[in-house]
Amino acid sequence: MSSRHDRLEILDRYLRIPTISRQVTPEMIEAVRGLWRGLGLELTPLAAADGRGTPALYGELPGPEGAPTLLLYGHYDVQPTGDVARWKWQGIQCEPFVPAYFLDGRAVEPRLIGDEALEDLVLVARGGADNKGQHLSNILGAMDAVRARTACWKVKIILDGEEEHGSPNLEAIARAHRAKLAADVLIGSDGPKQKNAPTLVMGVRGLLTVNIVADNGQQASVHSGNYGNIVPNPVLPLARLIADIEERVRAWSAEHEAFRREASEVFAKWEDKAVWTPFLKPTVNINSFMSDGASLTLRRTIIPRTAHARLDIRLTPDTPLAAMRDIVQRAVADHQSRAPGITFSVETDGQPASYTSPARPEFGWLLRLLEEHGGEEAVALPILGGTLPLHVFTDVLGIPCLWIPAANSNNQQHDINEHYVLRHFYRQTALYAAIVSSRPM
């Protein structure tokens, strides 16, 4: 078999380790470490000071004496499978943790496929695109540069074990191991490319999660006829509060737009090639709105005892986490005085946006390498719509972060039938060998 076949076999073995987020066992961690150890990379578990959560895994590749340090980020946990019975590709039943391969719509055995044709294979498995295939290709490329003695960087690697449920302990891990994780720049890969073109991203939106309960103090829901105009209904006060929170967030955003102005100017040439302009502003999204005793099928004429809403507020560099949390708290306090008989309680949690300026020399350097190894013009985005824990590196550790998504568009990550077109796997390996073998001018 060719080296391409060998590397696909490594990916195949990696995807068979079912590291579902929140369900990662010590045995799975050892299986992951064993796979990498067999490739010549020793990964050490890094835990928070109090030992909670799933550890990150850390490793190093040698570089020339006095060379700068490049930190590579990925995550080895994966999403739950969803309904396993619905994992079907081209009508063929698939198992999430048993990789299946397809070429021109038919199931194939990769070992029987020619070297060049491997690029056109579609791999169906959980974690192929998100994120094992991406960080495996990156690290293999870095190892190629080290073996070829062309490396211009010392390379450090961190693999998050909790990314798929918000990386709740990554900041604590970073603070506990600050010296070990020190680096000059971080480059990571996650998510899909824009229209399958080589893609460079300079930031991610943050996320503020808000849980609000409105309570009228009753022991239970009551009859709407017998208690109407006597017992207050918590639903409308909660709805008005949410609407006011959205208005206040929009008002703040309108008055704070330094990031939005820079992004609109610097990235204008890519505006028609990628979706990013909607992500320059914050959004207030209602995940759920429920009232006590509610039913979609029963006719219940009640005044509910409580109403509960869960919001997510996507943050930009212009809308800091602390300021948005303060907006929520102030709105709750104001509405408390406007809603007699209703008590609001609120809980918030979140992580800030992260952004690295394109004025840094790494921006042009990576764009050039992306075009050289991607076969077409690269696309640059100021920010992703989603949230990744990059603030841990930019804000806590002071490391500039650049992001190179390496999965095909519409790869169905987080859904059934997650799939990875292997062209992106092989090209990413060559790209990272070139990255580690060069430096910004």
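FYI, it's all coordinate maths here, none of it is from the lab. Predicted model, so just to flag it, every value in this text is computed and none were measured. Using ideal geometry, Cβ is built from the backbone for each residue, glycine included, and neighbour counts are taken over all protein chains shown.
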With point charges of +1 on the Cβ of Lys and Arg and -1 on the Cβ of Asp and Glu, referenced to the Cα centre of the stretch 1-109, which listed residue (Leu11, Met28, Ala100) lies farthest in the positive direction of the dipole?
Ala100
Limiting things to C-alpha atoms, what are the Rg and the maximum Cα-Cα separation (Dmax) for the stretch 4-97, in angstroms?
16.5, 55
Just to be sure I understand, if you calculate Rg and Dmax of the Cα atoms in Å for this structure, which of [x] 31.8, 111; [y] 24.4, 77; [z] 24.4, 83 do you get?
[z]
So what is the 222 nm mean residue ellipticity for the chain from helices alone, if each DSSP H run of at least 4 adds -39500 (n - 2.57) and you divide by all residues, rounding to the nearest 500 deg cm²/dmol?
-9500 deg cm²/dmol
Cβ charges +1 (Lys, Arg) and -1 (Asp, Glu), total dipole of the chain, debye
400
Please state, to two decimals, what the Cα-based radius of gyration of the stretch 14-67 comes to when divided by 2.2 N^0.38 Å (N = residues).
1.33
Projected label distance in nm at Ala49 and Asp83, using a 7 Å step from Cα toward the beta-carbon:
4.7
The stretch 211-264: proportion of alpha-carbon pairs further apart than 15 angstrom, %
64
Fewest-first ordering of Thr44, Thr306 by Cβ atoms within 10 Å yields Thr44, Thr306
For the stretch 206-351, inverting the pair-averaged 1/r of distinct alpha-carbon atoms gives a Kirkwood value in Å of 17.0
Expressed in angstrom and rounded, the centroid-to-centroid distance over alpha carbons for the stretch 88-154 and the stretch 165-219 is 26
Name the most mobile residue of Gly74, Gly38, Gly63, meaning the one with the largest mean-square fluctuation, in a Gaussian network model of the chain with Cα contacts below 10 Å.
Gly38
For the stretch 186-338, with only Lys/Arg (+1) and Asp/Glu (-1) charged at the beta-carbon, what is the dipole magnitude about the Cα centre, in debye rounded to 20?
380
Dipole of the stretch 206-351 [Lys/Arg +1, Asp/Glu -1 at C-beta], most positive-end residue of Val249, Thr277, Ile212
Ile212
Under 17 Å from the Asn229 label point (7 Å along Cα→beta-carbon), backbone N, the stretch 291-305
303
Violations at 23 Å Cα threshold for listed pairs Lys193/Lys281; Lys88/Lys132; Lys154/Lys273 -> Lys154/Lys273
Compute the angle between helix 361-374 and the longest alpha-carbon principal axis of the chain, please, reported from 0 to 90 degrees and rounded to the nearest 10.
60
Can you list the residues of the stretch 13-39 with backbone N under 17 Å from a point 7 Å past the Cα of His165, pointing along Cα to Cβ?
18-29
Taking the alpha-carbon centroid of each part, what is the distance from the stretch 375-424 to the stretch 238-292 in angstrom?
20
Round to the nearest 10 and give me the degree value, 0 to 90, for the angle of helix 133-147's Cα axis relative to the longest principal axis of the chain.
30
What trypsin sites (Lys or Arg not before Pro) in the stretch 99-171 are in a loop by DSSP, with at most 16 other Cβ atoms within 10 Å of the Cβ?
Arg149
Quick one: angle between helix 3-15 and the longest Cα principal axis of the chain, in degrees between 0 and 90, rounded to 10, please.
30
